[in-house]
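Read the structure below first, then the notes.
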Amino acid sequence: MTVELALLLVLSTVWGASYSFIKVGVETIPPVTLIAARTLIAGAILLAVIRWRGLRLPRDRRTWGRFLVQACLNSVVPFTLIAWAQQTTDAGLATILNATTPIFAFLLTVLVVRHEAVTGRKLFGVAAGLIGICLIIGVEALGGLGRELLAQLAIVAASVCYAGAAIFGKGFKDLDPMMPAAGSLICGAFVLVPASLLVDQPWRLEPSSASVLALIALAVVSTALAFVIYFRLVQTLGSVGTTAQSYLRVPIGVAIGMVFLGETLSPTAWIGLGCVVAGVIAMTLPARRRAAVTA
């Protein structure tokens with residue numbers, strides 16, 4: 001169990017660091033190209049891991065169609081929105097806003113799928129998370145629809161996409177967990193690489209060494225390695241235990257941005273951070289089982 005808890009902390013750290021990697025990457029690499037390279041490199045690494053394990057990706061069109069939908073929800077749209085937003089938004093704020101995924105997953109499940117039990121604790125989690133979002137972006141909203149507000153709303157939209165991906169991803173129970181991870185990243189690369197060639201013409205770019213290193217760290221550490229650790233923890237700790245990274249990565253991601261990028265949070269953002277963390281904890285902690293009453 002000690003090893004699994006250590007891996008959980010590593011997972012929270014590498015995913016918390018991804019926002020700082022993105023922040024450095026988009027300084028000289030356009031968002032679409034950054035994310036295209038991220039998905040291509042990470043997908044290739046996971047494909048190599050699958051072959052090393054002696055497994056093969058599915059070949060039927062229906063499964064790859066599902067991989068494509070998962071890619072749009074889990075990488076193509078949210079990765080690009082976050083990268084675009086972080087051109088103007090600090091890594092710490094992006095970490096906080098993106099941590100609301102479990103809250104939106106609950107809302108989508110209740111409103112669309114309608115098989116999630118509504119409890120007082122989950123309603124508190126939804127309310128706390130939404131209040132936190134309002135506190136963080138509310139000041140910008142009062143100043144009008146500026147670029148910073150749109151960027152923050154883009155991160156919230158990415159969180160909604162991740163929530164949809166979590167719900168849609170439950171349909172891959174018949175596959176080894178590595179399959180949808182690799183398949184969706186490969187599909188994402190097939191969508192994003194042509195878009196990058198068309199929009200950014202990457203052969204004309206002159207990225208800094210810092211941005212290139214950030215891209216490599218983002219793809220190898222925060223995507224490929226993170227997915228391998230994540231799917232191991234799903235098998236050992238279970239899906240509920242693994243969701244602990246949802247709130248562990250928030251203070252870690254904020255701290256990394258403050259230490260390495262010199263970022264600061266406003267007093268309102270600190271309050272919003274507290275609300276979001278409280279909301280996500282309320283949404284992800286397992287319910288206590290009632291002790292059996294013996295005569």
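Comparing LEU248, LEU185, LEU108 in a Gaussian network model of the chain, where Cα atoms under 10 Å apart are tied by springs, the biggest mean-square fluctuation is seen for LEU108. Our coupling estimate for segment 19-29, obtained by passing each phi through the Karplus curve with A = 6.51, B = -1.76, C = 1.60 and θ = phi - 60°, is 5, 5, 4, 5, 4, 6, x, 6, 5, 10, 10 Hz, Gly and Pro reported as x.
Considering only protein heavy atoms, what per residue accessible area in square angstrom results for the chain with a 1.4 angstrom probe?
Each residue of the chain exposes 49 Å² on average to a 1.4 Å probe.
Over the chain, one equal point on each Cα, no solvent: what is log10 I(q)/I(0) by the Debye formula at q = 0.06, 0.14 Å⁻¹? Treating every Cα as an identical point scatterer, log10 I(q)/I(0) equals -0.19, -1.07. Surface composition of the chain: carbon and sulfur atoms hold 68% of the protein heavy-atom accessible area at a 1.4 Å probe.
Qualifying trypsin sites (Lys or Arg not before Pro) in segment 14-72, where qualification requires a DSSP coil assignment and no more than 15 other C-beta atoms within 10 Å, comprise ARG53, ARG56, ARG59.
Going by the alpha-carbon gyration tensor, a ≥ b ≥ c the square roots of its eigenvalues, is segment 149-273 rounded (a/c under 1.5) or, if a/c is not under 1.5, prolate (a/b greater than b/c) versus oblate? Oblate, because a/c is 1.5 or more while a/b does not exceed b/c.
Across segment 71-213 the C-alpha pair distances fall into 5 Å bins from zero in the proportions 2, 9, 14, 17, 18, 16, 12, 7, 3, 1, 0 percent.
The values are calculated or read from the model by the stated rules, or taken from the named source; none is laboratory data. Only a predicted model underlies this, so the values are computations on that prediction, with no experimental measurement involved. Note that we place each Cβ from the backbone using ideal geometry, even for glycine, and neighbour counts take in every protein chain shown. Ligands, DNA and RNA are stripped out before the accessible areas are found, and what is left, the full protein with its side chains, is counted by its heavy atoms. Shrake-Rupley method; radii C 1.70, N 1.55, O 1.52, S 1.80 Å.
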